[in-house]
Structure formats: C-alpha cells, structure tokens
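This report refers to the structure that appears directly beneath it.
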Amino acid sequence: MKDFRHYNLLKHNTFGITAHCRRFVEFDSVEELRTLCHSLTSADQPLMTLGGGSNLLLTRDFDGTVLHSAIKGIEKTQETADEVIVRVGSGEVWDHFVAHCVAQGWHGTENLSLIPGEVGASAVQNIGAYGAEAQDIIYKVEAMEIASGNMVELTNADCHYGYRQSLFKTQWKGRFVITHVTYRLSKTFTPRLDYGNILAELHQEGIVSPTPQQLRDVIIKIRREKLPDPEVEGNAGSFFMNPIVSRGKYDELATLYPNMPHYDIDADHVKIPAGWMIDQCGWKGRTLGRAGVHSKQALVLVNRGGATGNEVVTLCTTICNDVKQKFGIDINPEVNIL
C-alpha cells in the first residue's frame with residue numbers, strides 16, 4: 001500500500017491541472033482496502049475514489065483523502081459455447097482490457113476502444129462511445145462498503161445504469177469502492193457500424209466486413225484524429241453529454257436546421273449532438289483565457305497551457321449559455337467537477 005501526504009494530483013488528472021489532496025492512498029488488493037477502511041477516521045474525511053482522472057476537472061485542492069485502486073488481473077471465470085464471463089481488477093487500464101478481449105476473441109468492447117481511464121470507472125460512469133455502452137456488457141460489480149469493510153456484489157440491474165449515469169454517481173456516491181467488474185462477452189462477433197463515421201472510415205480503408213481488430217483499429221484512428229493527446233493538450237475527452245430532447249422539440253429545431261444530426265432514442269425522444277450545437281455557436285477552435293475548445297471536436301475542452309480548473313468552468317458556463325440562447329436546450333457536463 002502507498003500512503004502519501006499533501007500529494008500533487010497533477011499526474012492523476014488528464015486536464016493537467018495542479019491540485020493537492022491532504023492524503024493519497026493506493027491499494028492493490030481487497031485485503032489492503034479492507035485494512036484501510038477499518039483504519040479510516042474522521043480526520044481522513046472527506047473521501048474521494050479516483051481512477052485515471054480522465055473524467056475529472058479539479059478547481060481546487062481536495063482537503064481530504066483520495067483512494068486509488070491498483071487492483072489488477074483479467075480472469076475468465078465462466079465459459080459456454082456462446083459467451084465468456086470475465087472478472088477484471090478495477091485498477092486495470094480500460095483500453096488494455098479492450099485490447100486483451102479482442103486478442104482473445106471475446107466480443108462487445110470493440111467500439112469502446114481507446115476510452116481513457118480505468119476499469120472501475122466504467123462501472124461508475126457507464127462509459128460509452130460509437131453506439132456502445134459499458135452497461136451492455138457489465139454482468140456484476142464487486143465493491144467494498146467503506147463504513148463496514150464488507151464486500152457486496154451488485155448486478156447490472158442493481159446499478160440502475162443510464163446515459164453516463166449509475167447509482168455510484170448518486171445515492172451510492174462515497175459509500176462504495178469498486179474492486180472488480182465482471183463482464184459478459186460474446187464469442188460471436190456482431191459489429192456495430194452504424195454510428196458516427198465508422199462506415200465511412202471502413203470504406204476508405206477498403207473494408208466491407210471488418211474483423212474485430214480492424215474495427216478496433218478504425219475506432220482508434222477516429223478517436224486519435226478527433227481528440228487531442230492529453231500529454232500535449234490537457235483534456236478530459238468529451239466534456240459535455242449529448243442532450244436528449246422531446247420529439248416535439250426536435251421537430252421544432254429541424255424546421256430551422258434541416259441538416260441537424262440526430263439519433264432517435266424512441267418514439268418520443270431524440271438525441272442531438274452537443275458538439276454540433278457548440279460548433280453552430282461558433283466555439284470550435286476558440287479560446288477563452290487559457291482554456292479553449294478543440295479545433296476538431298467541439299465537445300472537447302482543452303487546457304491551452306497553465307489553465308486553472310476555474311478557467312475551464314468559465315468556458316463551460318459561457319458555452320452552455322450560448323447553446324441555451326440559440327437552441328433553447330440545456331447541455332450539461334459529462335466531466336465531474338470538483
């Protein structure tokens with residue numbers, strides 16, 4: 001177990017913002033986590049569980065204790081003719097897990113390639129991209145209750161997954177620390193190609209029926225072309241959630257913007273890309289202070305160099321106000337702001 005005081009979180013947030021926590025503890029087993037939970041006192045409060053920091057914006061120092069999982073391991077626990085059940089340590093890098101699945105012939109993660117962060121966060125945030133979400137493959141979640149040190153097993157249904165939501169972000173926030181996530185993966189490859197520009201990229205490559213590795217490679221290519229490298233320009237990937245509006249609101253806007261992209265959710269609801277609206281407001285590539293909007297993807301806010309978290313928040317608020325004024329739609333951050 002690693003235990004540090006007045007710890008700099010610069011390397012634990014992809015926005016590249018300097019902020020300190022009072023205490024930082026990293027554990028690499030369930031036993032170490034249980035020992036830690038039993039030793040925590042009121043002096044360690046408040047607590048925050050932090051993964052790779054790829055979905056976090058720090059606006060201040062954290063006057064409390066940060067818990068970080070270094071629990072590793074990818075283990076096939078069950079197998080049938082059609083599927084495999086795979087248990088993964090919460091500290092595994094998400095994309096390493098995806099690469100492993102593709103190599104093993106376990107299917108369902110391909111469209112989630114290159115999403116930054118660690119496995120534990122997939123179960124908290126319900127990460128998603130290109131028509132796929134973690135909830136599609138999560139079988140169960142193992143977590144420790146901080147107050148008691150007791151382990152619990154939670155089913156997919158228990159977690160109440162929604163668009164970038166789960167009970168870990170609401171009622172259970174601060175109650176549990178995830179130690180393992182178990183996924184149900186298929187042995188039959190059924191590619192999802194009808195989202196974004198996947199088909200166009202495959203066509204450009206001359207691929208009609210992609211293999212799992214080819215689909216992963218195309219997803220990685222698209223993401224790298226659209227998203228900045230955090231090592232070069234600090235960011236947290238997509239900063240905003242795509243709003244889901246009523247069919248009536250969509251119809252109203254479609255008369256004004258007939259080429260507006262959209263995705264039907266059901267008979268009554270439509271998802272409108274927030275990036276498109278932000279672009280229509282003229283924000284793509286612009287800078288406000290030391291924070292800005294990425295030139296290739298308006299969903300992404302970036303640290304131009306030396307930006308504070310509050311500068312990013314100011315940019316976020318300004319953009320939200322402009323989108324509201326132009327489209328009458330509220331857009332909200334996907335990123336957790338501390």
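The values are calculated or read from the model by the stated rules, or taken from the named source; none is laboratory data. No experiment lies behind these values; they were computed from the predicted model shown. Glycine also receives a Cβ, built like all others from the backbone with ideal geometry; neighbour counts cover every protein chain displayed. What goes into the accessible areas is simple: the full protein's heavy atoms, side chains included, and nothing from ligands, DNA or RNA. Shrake-Rupley method; radii C 1.70, N 1.55, O 1.52, S 1.80 Å.
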Subject >> Isotropically averaged projected area of segment 58-98, using the convex hull of Cα atoms (one quarter of hull area), nm² >> reply: 4.6 nm²
Original post:
Taking the convex hull of the alpha carbon atoms in segment 34-79, what volume per residue do you get, in Å³?
Top reply: 115 Å³
**OP:** Calculate I(q)/I(0) for the chain by the Debye formula, one identical point scatterer on each C-alpha and no solvent, and give its log10 at q = 0.07, 0.09, 0.14 Å⁻¹ to two decimals.
**Re:** -0.30, -0.51, -1.23
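Filter the chain for me: DSSP H helices, axial length by Cα at least 20 angstrom, mean Kyte-Doolittle hydropathy not below 0.0. List them by residue number. Show your work: numbers first, answer last.
Details: long enough: 212-226 (21 Å, -1.03); 309-327 (27 Å, 0.05).
Both cut-offs are met by 309-327.
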Original post:
Of all the C-alpha pairs in segment 189-338, what % are more than 20 Å from each other?
Top reply: 55 percent
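Looking at segment 90-137, I'd like the Rg to Rh ratio, where Rg is from alpha-carbon atoms and Rh is Kirkwood's inverse mean 1/r.
On the way: Rg = 9.6 Å, Rh = 10.5 Å.
That ratio equals 0.91.
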**OP:** Translational diffusion coefficient, Stokes-Einstein: compute it for segment 1-136 using the Kirkwood radius over C-alpha pairs as Rh, at 37 °C and 0.692 mPa s, and state it as an integer in µm² s⁻¹.
**Re:** 202 µm²/s
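Just to check, using Stokes-Einstein with a Kirkwood Rh over alpha carbon pairs, what's the diffusion coefficient of segment 118-257 at 37 °C and 0.692 mPa s in µm²/s?
Details: Rh = 17.9 Å.
Rounded to a whole number, D works out at 183 µm²/s.
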Original post:
Quick one: accessible area per residue over the chain, 1.4 Å probe, rounded to a whole number of Å²?
Top reply: 45 Å²
**OP:** Starting at the first residue of segment 266-278, write each ³J(HN,Hα) from the Karplus equation 6.51 cos²θ - 1.76 cosθ + 1.60 with θ = phi - 60°, in whole Hz, x for Gly and Pro.
**Re:** 7, 5, 10, 9, 9, 9, 10, x, 4, x, 5, 5, 4
**OP:** Find the all-direction average of the projected area of the Cα convex hull for segment 63-165, expressing the result in square nanometres with one decimal place.
**Re:** 7.7 nm²
Original post:
Plugging the Kirkwood radius over Cα pairs into Stokes-Einstein for segment 116-200, at a temperature of 20 °C and a viscosity of 1.002 mPa s, what D comes out in µm²/s?
Top reply: 154 µm²/s
**OP:** List the lysines whose Cα lies under 29 Å from the Cα of Lys72, skipping any in the same chain that are fewer than 8 positions away.
**Re:** Lys2, Lys11, Lys140, Lys169, Lys173, Lys187, Lys221
**OP:** Could you pull out every residue, at least 5 positions away or on a different chain, whose amide H is within less than 5 Å of the one on Val302? Hs are placed 1.01 Å off N in the peptide plane, and Pro or chain starts have none.
**Re:** Gly292, Val293, His294
**OP:** Can you check what the net charge comes to around Glu205, using other residues whose Cβ is under 14 Å from the Cβ of Glu205 (Lys, Arg +1; Asp, Glu -1)?
**Re:** -1
**OP:** Quick one: compute the contact order of segment 154-261, relative version, from alpha carbon pairs under 8 angstrom and 6+ residues apart, as a percent.
**Re:** 13 percent
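Using the 2.2 N^0.38 Å rule of thumb for compact globular proteins, work out how segment 236-280 stacks up: its C-alpha Rg over that value, please.
On the way: Rg = 10.8 Å, N = 45, 2.2 N^0.38 = 9.3 Å.
That works out to 1.15 for segment 236-280.
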Original post:
If one computes P(r) from the Cα atoms of segment 1-54, what percent of pairs lie at distances over 16 Å?
Top reply: 45 percent
Original post:
For the chain, what is the calculated [θ] at 222 nm in deg cm²/dmol (nearest 500), taking -39500 (n - 2.57) for each run of four or more DSSP H residues and dividing by its residue count?
Top reply: -7500 deg cm²/dmol
**OP:** Pop out the carbon and sulfur fraction of the accessible area of the chain as a percent, whole number, probe 1.4 Å.
**Re:** 48 percent
